[in-house]
1. Only loop residues by DSSP count here, and only those with at most 12 other Cβ atoms within 10 Å; note down the chymotrypsin sites (Phe, Trp or Tyr not before Pro) in the range 7-110 that meet that.
2. So, in nm, how far is label residue 79 from label residue 62 when the simple model puts each one 7 Å beyond its Cα toward the Cβ?
3. What is the set of long-range amide H partners of residue 56 at a cut-off below 5 Å, with H atoms built 1.01 Å from backbone N?
4. Could you put 94, 87 in order, starting from the residue whose Cβ has the fewest other Cβ atoms within 10 Å?
5. From the C-alpha gyration tensor of the range 56-130, pull out the three semi-axes of the equivalent ellipsoid (sqrt of 5λ each), sorted largest to smallest, in whole Å.
6. Rounded to the nearest 500, what is the 222 nm mean residue ellipticity of the chain from helices alone, with -39500 (n - 2.57) per DSSP H run of 4+ residues and division by all residues?
7. Using a ≥ b ≥ c from the Cα gyration tensor of the range 10-90 (square roots of the eigenvalues), is it rounded, prolate or oblate, where a/c under 1.5 gives rounded and otherwise the larger of a/b and b/c decides, a/b for prolate?
8. Under 24 Å Cα-Cα from residue 11, which lysines qualify once same-chain neighbours fewer than 8 residues away are excluded?
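Every number here is computed from the coordinates shown, using simple stated rules; none is lab data. Here the structure is a predicted model, which is why all the values come from computation and not from measurement. Reconstructed Cβ throughout: ideal geometry from the backbone, glycine too, with neighbour counts over all protein chains shown.
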Amino acid sequence: MSWDVLIMKTKYDFEAPEEEQPPVPPLGQRDVIIEKLTRRLPNLDYRDKAWGVLEGEGFSIEFNTGDEELVDSIMLHVRGGGAVMDTLCLICETLEAYALDTSDTGYIDFEQPEAAEQSWEQFQKYRDKVINNHNGRV
């Protein structure tokens, strides 16, 4: 089970009607994105250009970049525990992008660390509850 975070260039207004949404610009060319990310995150493995893997201290993040040369967004699949927020913040700074917590359709505000950390903690509590309930069944 992963905590899924969508990295995108602009914020989507979930309250506005679809016809009022501005066009969403792409993040950029896949090779350029991979080069930027691997320069800032040296242990990021991008041997498969569509799917990168980062092993952190107590966590892992899979980067679903996709098969297209022009990347609209990247879905991050975060697993484990530990201090993930600094890494997510670094990813967003590197790509000049925003991180959408797909579990509550809220953007992660890295300028308010307690609020940002709360999203990750809520997911971990939910995940642990699901796993513990599942393990109790035969």
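1. Numbers: sites: 12, 14, 46, 51, 59, 63, 98, 107, 110; in loops: 12, 14, 110.
Answer in residue order: 14.
2. The answer from the label model is 0.7 nm.
3. 61
4. Ordered from fewest to most neighbouring Cβ atoms within 10 Å, 94, 87 come out as 94, 87.
5. Values: eigenvalues 86, 45, 30 Å².
Working through the eigenvalues yields semi-axes of 21, 15, 12 Å.
6. Values: 3 runs with 45 residues, N = 138.
Value at 222 nm, helices only: -10500 deg cm²/dmol.
7. Details: a/c = 2.47, a/b = 1.48, b/c = 1.66.
Because a/c hits 1.5 or more and a/b fails to exceed b/c, the range 10-90 counts as oblate.
8. 36
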